[in-house]
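Contents: one structure, followed by commentary.
The values are calculated or read from the model by the stated rules, or taken from the named source; none is laboratory data. The structure presented is a predicted model; accordingly, all values stated were derived computationally and were not measured. Cβ: placed from backbone, ideal geometry, glycine included. Neighbour counts: every protein chain shown. Surface accessibility is based on the protein's heavy atoms, side chains included, excluding ligands, DNA and RNA. Shrake-Rupley method; radii C 1.70, N 1.55, O 1.52, S 1.80 Å.
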Amino acid sequence: MSTRRLSLVLVLTSLLVALVFSFGAGRSEWLYWKPPIVLLVALYWLLFEPQTFGLVFAFTLGLLVDFVSGAPAGESAMAFCVTAYWAQTLEHRLLHFTIFHQCLLIAGLVVVYQLISVAIDLAIHGGALQLALLYPALSAILVWPFIAGVLGRLHRRSL
Amino acid sequence: MLVLLALALALLFVDRNTRWLEPTRTWIDSAAQPLRWLSNTPSNVAKWSDQNLLSRSELVADNQRLKTEVLVLKGEVQRVVDLSVENARLRNLLSARELLKTRVLVAELIGVSTMPLRHQVTVNRGARDGVFVGQAVLDGDGLMGQVIAVDNDRSQVMLISDARHAIPVQIAEFGTRLIAEGTGDYQRLQLRHVPPTLNIKEHDLLLSSGLGGRFPAGYPVGRVATIERKSGQDFVEVTVLPTAQLNRSRHLLLLFTEVNPIPHSGVSSSIDSDIDGDINNNERDKADVD
């Protein structure tokens, strides 16, 4: 029971830290490159604790992101949900991949996420589709090994 | 899965068409405030060290520069007084009914949208400071955007470079009216429907035209950057470089425009009252009219 609780504390902390990072303004030239950190952390938990975290978890988290980022409520929720569903179908294979292959798959998932949220944005507000929406997928490749490494280490220690 | 997707669609619909989710949004946003503060810590530390760890010579140089600047600005203000006197006289001649008077509130940037394609920032002023939806936002160099959502202590500002945004402008020199749309690029706006016969040059200054009633007239929006005439196209493609430092300014000005009726008699005294904002004078003028 106590390990379970420890793991939950770790999950909550990791998500809070991810939220803090996602708020960071940073230099505006790099804004397009900002990886969706909350999504990546959520994906980690979905992939490595699939019996605890599922679609409802992804949906709730997406809704939270919508509320704090000022996006239309439901936008990220839907994007998180679809991405999580896809990740779940890949889960069994992903865990056996090398970190490099994992990165490529994660990039693919981030592209799905970006496409859904931008599509909803376009449907609601209109505007221009830009190639820039693919940048976060590239930066996610760089960030994923770090996230998977740190969370993996903490996760194993907590078990 | 399908249930959740349906729920998301329902939420999108509800959020788009009603204001039911506002309280939840406000509540969660306030709960996330400490996180926002935490994410600002690096820049706050940088600011603190900038303020506290300056060398004396830098301070002296800065002081000198500011003194010069104040002198220059004072000179300009004298011209403004002269101009507003003239403006009031001319308005009176045209029997204009009202004179716009503006007041600004300084706000600090506390966050930018987590979605990079959405050019939206959060500032640290809200309903408690009288901020309202639709309010124009400036920085030192020009128009930045408008307020689109207000909480008690914070508000969301959509920048003019957001792809969803458009602003009515006029060419400063000729007064030709155009519409400048955001493109999703901080350094570029686009002019809509520019006829090939229009006399427009690079570096032409564009001012807000005040049409549509959302933005006040006469604030700089941008300068024409490129003009591309394509044969076979009905319109010329014109891009505009915003004058405001959309991605750099950390301090913004929220603009309050108050409508003051111009008294129709006694030009000189009405000018005094308009400049000093002296209500008694205004009252007296009204009495004169009666």
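A few points about this structure:
- Which numbered condition B:LEU191 misses (of (1) over 13 Å from the mean Cα position of the chain (by Cα); (2) within 14 Å of chain A (Cβ to nearest Cβ); (3) part of a strand (DSSP E or B)): (2)
- Test: B:GLN64 is of a type in the set (S, T, N, Q), open to solvent by 70 Å² or more (accessible area, probe 1.4 Å) and under 28 Å from the mean Cα position of the chain (by Cα): no
- Residue under evaluation A:LEU129, criteria (1) within 28 Å of B:ASP162 (Cβ to Cβ); (2) not in a loop (DSSP other than H, G, I, E, B), criterion not met: (2)
- Strands (runs of 3 or more DSSP E) enclosed by segment B:99-169 - at least 1 residues per element that are within 14 Å of chain A (Cβ to nearest Cβ): B:120-123, B:143-150, B:155-159
- Within segment A:32-51, not a single residue is part of a helix (DSSP H, G or I), facing chain B (nearest Cβ under 7 Å) and open to solvent by less than 30 Å² (accessible area, probe 1.4 Å).
- For B:ARG19: the one exception among (1) of a type outside the set (A, V, I, L, M, F, W, C); (2) open to solvent by 90 Å² or more (accessible area, probe 1.4 Å); (3) part of a helix (DSSP H, G or I): (3)
- Residue within segment A:92-99 that is within 20 Å of B:ARG16 (Cα to Cα) and more than 8 Å from every other protein chain (Cβ to nearest Cβ) present: no
- A:TYR85 within 14 Å of another protein chain (Cβ to nearest Cβ) and under 15 Å from A:VAL38 (Cβ atoms): no
- Inclusion of A:TYR85 among residues that are buried (at least 17 other Cβ atoms within 10 Å of the Cβ), over 27 Å from B:GLN33 (Cα atoms) and in contact (Cβ under 8 Å) with a residue 12 or more places away in the chain is warranted.
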